[in-house]
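Single-structure report; data block below.
Where a number appears in this text, it was derived from the coordinates with a stated rule and is not lab data. This structure is a prediction, so every number in the text was calculated from the model and none was measured. Please note: Cβ atoms are built from the backbone with ideal geometry, for glycine as well, and neighbour counts cover all protein chains shown.
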Amino acid sequence: MGDKNEEFVVTPWEVRGIVDYDRLVKEFGTQFIDDRLLDRVKRIIGEIHPLLKRRIFFSHRDFDWILDKFEQGENFALYTGRGPSGPVHLGHMVPWIFTKYLQDKFDAELYFQVTDDEKFLHDPHVSLEITKNYAMENIIDLLALGFKEGKTFIFIDTDYAKTLYNIAIKVAKHITFSTVKAVFGFDSSINVGMSFFPTIQAVPCFLPSVLKGKNTPVLIPAAIDQDPYWRGIARFVAPKLGFYKPAQIHSKFFPGLGKGGKMSASEPNTAIFTTDDEELVDKKIMNAFTGGRATVEEHRKLGGQPDICPVYHYYEYLFEEDDKKLKEIYNSCKLGTLICGDCKAILANKVKKFMKEHQRKREKAKDIVNEFILKD
Ligand code: TYM
């Protein structure tokens, strides 16, 4: 979306500007998901999720190796997570929805890390009580998506510290302060908790191997902001500790409802949280920035600009699975026959339906949450 030449920033704690994904692939040294890889996935599991087909999951490292292992009968584990600094928004759900599909299709275990420590250490205004409280709330959102009991292991860092710490120090011994500074852009004023934290986020890459007593391939689905942990820490240390390097599959960022930029909790008016009520969802969507023209007349004459429109991208990411219908939305916007007010109203109905269902499942998840949690 927007001008690709603008400067942009992508770190685990900040995403700013118009992200040039082609440049990230080059700079981070990842690979694009290509047609050959999609054909292979289709051959193995019979179905390609729209998030993959539409290249919202657009980049990877060693995903083909994960498929080799799977075809050789070696099961892989999935690993992803959440930093519990507030309520979950639709952007967070993108990697989780995709992870659920991978769990179902590959019958894979999921290890899910909740980094209450990270959010406490990172934000001077956030207490550990707050992050622990959000940790449970956020886990309920995850479980509302239907992850399998017995195959899904969730841990909050401060409640699983003994297990994690024993592996973290083995990672930490190989990581210098210069390395974390270079990988994460820290300067010497960073608190020592944050400079150690990357080792904690690397640990679950090796946790399935440690718990099973057998080297286990791990695939991490996440947006590309988390990549420094894998590129700079986990993959570097893995061979030194005798583990497989973790593989990654990266998504783009689900946009906020404003002009440009990802959906972010720090911009609450342009983010849709899973706890928002219907009225608020309506209000946020009807106030969204769009790729429409200044007046309806002009829009009909010149046509809209779906490529820069978050409303169109919401259909593309999560709210229109049917490729034909998505194409129709795109074309009729471009032709000017689809007016923004109508397009937003249709989307708002779809989002409200999704939210109602999600909130119902959230209530049910509250009863089972303890069955999923690992503690020391
Ligand atoms: P956090 O809580 O910032 O984000 C949770 C997950 O959501 C992704 N994400 C997005 N994806 C698409 N569109 C967006 N607008 C968007 N915003 C956030 C993030 O990439 C992430 O996958 N340190 C981590 C927690 C963590 C983790 C992990 C994440 C620990 N281990 C392993 C991924 C994989 C964090 O604070 O995520």
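Under the convention that each Lys and Arg Cβ holds +1 and each Asp and Glu Cβ holds -1, the size of the dipole of the stretch 3-122 around its Cα centre is about 340 debye. Note on the chain: with charges restricted to the Cβ of Lys and Arg (+1) and Asp and Glu (-1), its dipole about the Cα centre is near 620 debye.
Viscosity 1.306 mPa s, temperature 10 °C: Stokes-Einstein D of the stretch 1-140 from its Kirkwood Cα radius, in µm² per second? Could you put the intermediate results ahead of the total?
On the way: Rh = 17.3 Å.
Here the translational diffusion coefficient equals 92 µm²/s.
For the pair GLU7 and LYS327, label points projected 7 Å from Cα toward Cβ lie 4.2 nm apart.
Please find the FRET efficiency linking LEU38 to SER188, where r is the Cβ-Cβ separation and R0 is fixed at 45 Å, and quote it to the nearest 0.05. With R0 = 45 Å, the Cβ-Cβ based efficiency is 0.50. Quick check: the distance between the Cα centres of the stretch 60-78 and the stretch 23-42, to the nearest angstrom? The two parts, judged by their Cα centres, are 15 Å apart. With the biggest extent put first, the Cα atoms of the stretch 268-364 measure 49, 28, 17 Å across the principal axes.
How large is the helix-only mean residue ellipticity at 222 nm for the chain, computed as the sum of -39500 (n - 2.57) over DSSP H runs with n ≥ 4, divided by its residue count, in deg cm²/dmol to the nearest 500? Walk me through the numbers before you get to the answer.
On the way: 17 runs with 180 residues, N = 376.
So the calculated ellipticity at 222 nm is -14500 deg cm²/dmol.
Could you pull out every residue, at least 5 positions away or on a different chain, whose amide H is within less than 5 Å of the one on LYS262? Hs are placed 1.01 Å off N in the peptide plane, and Pro or chain starts have none. Here the answer is GLY256, since their amide H atoms fall under 5 Å of that of LYS262. Quick one: net charge of LYS151's neighbours, Cβ under 12 Å, K/R +1, D/E -1? It works out to a net charge of -3. Packing around the peptides 213-223, 300-310, taken as the average count of other Cβ atoms within 10 Å per residue, puts them in this order, highest first: 213-223, 300-310. Calculated from the alpha-carbon coordinates, the stretch 9-256 shows an Rg and a Dmax of 17.1, 51 Å respectively.
Which whole-number percent is the relative contact order of the chain (Cα, under 8 Å, 6+ apart)? Can you show the working numbers first?
Values: 591 pairs, mean separation 76.2, N = 376.
In percent, rounded to a whole number, it is 20.
Only aspartates and glutamates eight or more places from LYS119 in sequence, or on another chain, were considered; those with a Cα closer than 19 Å are GLU14, GLU129, GLU137, ASP141, ASP157, ASP159, ASP187, ASP225, ASP227, GLU267.
Would you mind putting 53-61, 88-96, 7-15 in packing order, based on average other-beta-carbon counts within 10 Å, highest first?
Working: 53-61: 19.9, 88-96: 23.0, 7-15: 15.3.
Packing order, densest peptide first, comes out as 88-96, 53-61, 7-15.
Pull out the extension gain between MET286 and LEU335, defined as 0.36 nm times the separation in residues minus the alpha carbon to alpha carbon distance; nm, one decimal.
So the extension gain works out to 15.5 nm.
Express as a percent, rounded to the nearest 5, the fraction of DSSP beta bridges in the chain (both residues included) that run antiparallel.
Numbers: 11 of 30 bridges.
Rounded to the nearest five, the antiparallel share is 35 percent.
Per residue, the average separation of C-alpha pairs within less than 8 Å and at least 6 apart gives the stretch 1-154 a relative contact order of 18 percent.
Charge tally around LEU110: other residues with Cβ under 10 Å, Lys/Arg +1 each, Asp/Glu -1 each, net +2. The stretch 113-169 and the stretch 299-322 have Cα centres lying 35 Å from one another.
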